[in-house]
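The following block contains the structure, expressed as structure tokens.
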2 protein chains.
Amino acid sequence: MYDSGGLEILSEEECRRLITAAPLGRIVFTDRALPAIQPVNFVISRGEVIIRTSSGSKLAAAARNAVVAFEVDEFDPSVHTGWSVVIVGHARVLSENGELTHVRSLPLRTWAPADHDYYIAIRPELISGRRLPKAA
Amino acid sequence: MYDSGGLEILSEEECRRLITAAPLGRIVFTDRALPAIQPVNFVISRGEVIIRTSSGSKLAAAARNAVVAFEVDEFDPSVHTGWSVVIVGHARVLSENGELTHVRSLPLRTWAPADHDYYIAIRPELISGRRLPKAA
């Protein structure tokens, strides 16, 4: 299946497979009424995207029960191939003890130097993915 | 200069240098009240980000005089280094003959197979960038 732009439409199963293997994604949110985007590393746990941030970050403030997008991609600019997967869903800050104990046990270390004691979970409500055809 | 997350704050000059050298970015917009993001190749011309899309695309519909974000990044997951630059500004669909003649002369071929006869320009109004420190 191809979309109107000639890109291959990926199945939900393939989208989930690609996201799980990716080291880095980008979270898209609204910051003071403006579109905002921030690269983050993450893990998938119990079907949710789990990311860490610091309590004072724009992301922590913006992600409280907001609808966000989360994007992962991989492209090879030399041959113009690649794919991207986008999840849209509600983000929530994890605060319940059982959940925190669980996510703190995950292999999720932030790449930034500062403390990142806030965990945000995104439950996928929409998943879509596209791939550039090899011959493009 | 470092932000509260311990990331190096990049100067506007360095942000512009990094964006100019990048092959691919991601445009962040709103699609039917939901956050949307799409990878796109681009060129910088006359200080604006120029991208191509097809007339029927979600992006073409969403980018008419909307405020969008445009992000470029480069990370090395093996050593947790990298940077990202984000531009925020108004997007407009180019329609004036002189502008179209100019952008059609740019080295901007879309990677997708379908026709991409719409040109969108984003004029940067905010530019910000961050870099992960090497020692992180």
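Evaluate the distance, in nm, between pseudo-label points positioned 7 Å from the Cα of B:L106 and of A:N97 along their respective Cα→Cβ axes.
Taking the two extended label points, one gets 5.7 nm.
So for A:E8, A:E125, fewest C-beta neighbours within 10 Å to most, what's the order? Write down the numbers at each step before the final one.
Values: A:E8 16, A:E125 11.
Final ranking by Cβ density, sparse to dense: A:E125, A:E8.
Hey, for B:G98 with labels 7 Å out along Cα-Cβ, what do the inter-copy distances come to in nm, ordered shortest first?
6.7
Residue farthest toward the positive end of the dipole of the protein assembly as shown, with Cβ of Lys/Arg at +1 and Asp/Glu at -1: which of A:P23, A:Y119, A:P35?
A:P35
Name the long-range amide H neighbours of B:T81: under 5 Å, sequence gap of 5 or more, or other chain; modelled H, no Pro or chain starts.
Residues meeting the amide H criterion: B:D76.
Of the candidates B:P23, B:P124, B:P35, which one comes out as most mobile in a Gaussian network treatment of chain B with C-alpha springs shorter than 10 Å?
Comparing B:P23, B:P124, B:P35 in a Gaussian network model of chain B, the most mobile one is B:P35.
On to the next question. Under a Cβ-only charge scheme (Lys and Arg +1, Asp and Glu -1), can you give me the dipole magnitude of the range A:72-128 about the Cα centre, in debye to the nearest 20?
Working: 4 positive and 8 negative charges, 28 e Å.
That gives a dipole near 140 debye.
Which value, in debye to the nearest 20, gives the size of the charge dipole of chain A about its Cα centre, when Lys and Arg are +1 and Asp and Glu are -1 at the Cβ? Present the calculation step by step, with values, prior to reporting the outcome.
Numbers: 15 positive and 16 negative charges, 54 e Å.
Computed about the Cα centre, the dipole is about 260 debye.
Measure of size requested: the Rg and Dmax of the protein assembly as shown, with Cα atoms as the atom set and Å as the unit; please supply both.
Considering the protein assembly as shown through its Cα atoms, Rg and Dmax are 18.3, 62 Å.
Report the label-to-label distance for B:M1 and A:A22 in nanometres (one decimal), using points 7 Å from each Cα along the Cα→Cβ vector.
Between B:M1 and A:A22, the simple spin-label model gives 3.0 nm.
Related question: Measure of size requested: the Rg and Dmax of the range B:8-131, with Cα atoms as the atom set and Å as the unit; please supply both.
Using the Cα atoms of the range B:8-131, the pair Rg, Dmax is 14.5, 48 Å.
Mind listing the phi-derived Karplus ³J(HN,Hα) values for the range B:44-61, rounded to whole Hz, using 6.51, -1.76 and 1.60 with θ = phi - 60°, and x for any glycine or proline?
3J(HN,Hα) across the range B:44-61, in whole Hz: 9, 9, 6, x, 10, 7, 10, 10, 10, 8, 8, 5, x, 6, 4, 5, 4, 5.
Turning to a different aspect of this structure: Once Lys and Arg get +1 and Asp and Glu get -1 on their Cβ, which of B:V79, B:L132, B:G47 lies farthest toward the positive end of the dipole of chain B?
Towards the positive end, the residue furthest out is B:G47.
Related question: So what's the back-of-envelope 222 nm ellipticity for chain A, counting only DSSP H runs of four-plus at -39500 (n - 2.57) apiece and dividing by all residues, rounded to 500?
On the way: 3 runs with 23 residues, N = 136.
Helix-only estimate at 222 nm: -4500 deg cm²/dmol.
Can I ask one more? Give, in whole angstrom and from largest to smallest, the semi-axes √(5λ) of the equivalent ellipsoid of the range A:47-120, with λ running over the eigenvalues of the Cα gyration tensor. Don't skip to the end; give the middle numbers.
Working: eigenvalues 139, 44, 34 Å².
Working through the eigenvalues yields semi-axes of 26, 15, 13 Å.
Okay, moving on. The range B:83-130 to the range A:35-92: how many Å between their Cα centroids?
Spelled out, the Cα-based centre of one part sits 24 Å from the other.
Any read-out appearing in this document is the output of simple, stated calculations on the displayed coordinates, not a laboratory observation. Every value quoted in this text rests on a predicted model; they were computed, and no experiment measured them. Cβ sites come from the backbone with ideal geometry, for glycine too, and all protein chains shown count toward neighbours.
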